[in-house]
Amino acid sequence: MNTMVLTKTADDISSMRVRGAGRIARTAAAALQEYGASLDSKTLAEFITEMEKAAVILRGTRPTAVSLPNAIRHVMRGVQKAETLVEAQRALHDCATEFIRDSHAAVDKIADITARQIPDDAVIMTHCNSQAAIAGIIRAHEQGKVREVYATEVRPRNQGYLTIQALSDAGISVSFIVDSAARMFMPKVDQVITGTDAIMSNGAVVNKIGTSQIALCAHEARKPFIVAAETYKFAPRTILGERIPIEWRSAEEVIGSERVLPANVTVKNPAFDVTPPAYVDLIVTEIGAFAPSYAPFIIRDHLGWNISEFQKDYTYSYY
């Protein structure tokens, strides 16, 4: 059994060599597909057991990005329902292929819908490195709408460097700013566009640390705050009151590996924060643009996962 791809993928996700909720989800789906194809299981039970172990390993790599458990659940659904080994193997391959294909298509649809929300000659602020948000900005730029983008540095992992590279490659004029300068430059922008790692059933948005402060600044300045998100970033089990855990990362990301802290000092390094729905003007998905209050209906009507299903004792919970 080839566990190399599984181990490497888990390490790449946990160490953030693979970044972004969408990329994490697609990478996990592909890893499950490849791992399943490498198994020499003789029975259905053996195959399911090995795939369950693989799913647990991948699901534990990044606790906040709900795209990861949602992708795993999508890929594993057919495996769990299969009645024969061949049926399970085929379902694994087909479900993983479907998820990866639909994930890419979702970003393209989100780009079109986001571009429609951007006015002519727009100045935009963005935070973190969101494929969906960047795609929308680039699509609007291709339509001649974007004059400039303010992109934050995104400490301590500096994801902003990836964002400015993508925007620069698209020919967009970019002003690169430190995170704490967001309020200073907010009066100069027309709207803020970010991505997200998870959306709760009440419309609250979980995204890279600093997002909530930028949303607050936008709210104060009466600038629209728009979130670009694939529907698989909605967190169904929050309907039951479950919380999305905020990932805390190492002190070394903040201070480096060689610096010694003074006595009585500890580093607090949360990777994400929660933006209240009151500060979110619009959530743009591949099926349309909605107010945050529409989140439970997306979970119910589009994802097709109802409350009675969540109350069952599933091996694959979301968190």
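The values are calculated or read from the model by the stated rules, or taken from the named source; none is laboratory data. It should be emphasised that the depicted structure is a prediction, and the values quoted were computed from it without experimental measurement. Virtual Cβ from ideal backbone geometry, glycine too; neighbours counted across all protein chains shown.
Observations, loosely collected:
- Check on residue 162, farther than 22 Å from residue 280 by Cβ, in contact with a strand residue (DSSP E or B) (Cβ under 9 Å, 6 or more places away or on another chain), in the same structural domain as residue 197 (by TED's automatic domain parsing) and buried (at least 18 other Cβ atoms within 10 Å of the Cβ): no
- Only listed residue being touching an Asp or Glu at 6+ places or on another chain (Cβ under 7 Å) and either outside the structural domain of residue 286 (by TED's automatic domain parsing) or within 28 Å of residue 157 (Cβ to Cβ) (or both), chosen from 60, 22: 22
- Filter result for residue 192 (in contact (Cβ under 8 Å) with a residue 40 or more places away in the chain and assigned to a strand (DSSP E or B)): yes
- When residue 157 is tested against (1) modelled with pLDDT of 95 or more; (2) of a type in the set (Lys, Arg); (3) within 20 Å of residue 213 (Cβ to Cβ), only condition (1) is not met.
- Residues in segment 174-229 that are out of contact with any strand residue (DSSP E or B) (no Cβ under 7 Å at 6 or more places or on another chain) and basic (Lys, Arg): 183, 222.
- Reported count of residues in segment 266-281, each being closer than 26 Å to residue 63 by Cα, not in a strand (DSSP E or B) and not hydroxyl-bearing (Ser, Thr, Tyr), is 8.
- Pairs linking a residue in segment 94-111 that is in contact (Cβ under 8 Å) with a residue 24 or more places away in the chain to a residue that is outside any helix (DSSP H, G or I), with Cβ atoms under 6 Å and 6 or more positions apart or on different chains, are 106/230; 106/286; 109/286; 110/228; 110/284; 110/286.
- Looking across 48, 57, 100, 72, one residue alone is buried (at least 22 other Cβ atoms within 10 Å of the Cβ) and in a helix (DSSP H, G or I). It is 72.
- Scan of segment 111-139 for residues that are among the β-branched types (Val, Ile, Thr) and either crowded, with 24+ Cβ neighbours inside 10 Å or touching a His at 6+ places or on another chain (Cβ under 7 Å) (or both), ordered by number: 114, 124, 126, 134, 137
- Candidate set: segment 254-278, residues that are out of contact with any Asp or Glu (no Cβ under 8 Å at 6 or more places or on another chain) and polar (S, T, N, Q); chosen: the one surrounded by the most Cβ atoms within 10 Å (Cβ to Cβ): 275
- Segment 28-45, residues that are surrounded by fewer than 22 Cβ atoms within 10 Å (Cβ to Cβ) and either closer than 30 Å to residue 208 by Cα or not polar (S, T, N, Q) (or both): 30, 33, 34, 37, 39, 40, 42, 44, 45
- Residue check, residue 228 surrounded by 19 or more Cβ atoms within 10 Å (Cβ to Cβ) and in contact with a Gly (Cβ under 9 Å, 6 or more places away or on another chain): yes
- Being farther than 15 Å from residue 6 by Cα, crowded, with 20+ Cβ neighbours inside 10 Å and either touching a residue at least 60 places away in the same chain (Cβ under 8 Å) or assigned by TED's automatic domain parsing to the domain that holds residue 26 (or both) is a property that does not hold for residue 86.
- Restricting segment 237-253 to residues that are loosely packed, with under 15 Cβ neighbours inside 10 Å and hydrophobic (A, V, I, L, M, F, W, C), the residue that is modelled with the lowest pLDDT: 240
Matching residues to (1) part of a loop (DSSP other than H, G, I, E, B); (2) surrounded by 22 or more Cβ atoms within 10 Å (Cβ to Cβ); (3) within 19 Å of the chain's Cα centre (by Cα):
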site	(1), (2), (3)
141	no, no, no
172	yes, no, no
181	no, no, no
187	no, no, no
201	yes, no, yes
218	no, yes, no
222	yes, no, no
232	no, yes, yes
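- Flag if residue 176 is hydrophobic (A, V, I, L, M, F, W, C), assigned by TED's automatic domain parsing to the domain that holds residue 290 and more than 13 Å from residue 275 (Cα to Cα): yes
- Residues located in segment 122-170, provided they are closer than 19 Å to residue 206 by Cβ and of a type outside the set (A, V, I, L, M, F, W, C): 126, 127, 129, 130, 131, 152, 155, 156, 157, 159, 160, 163
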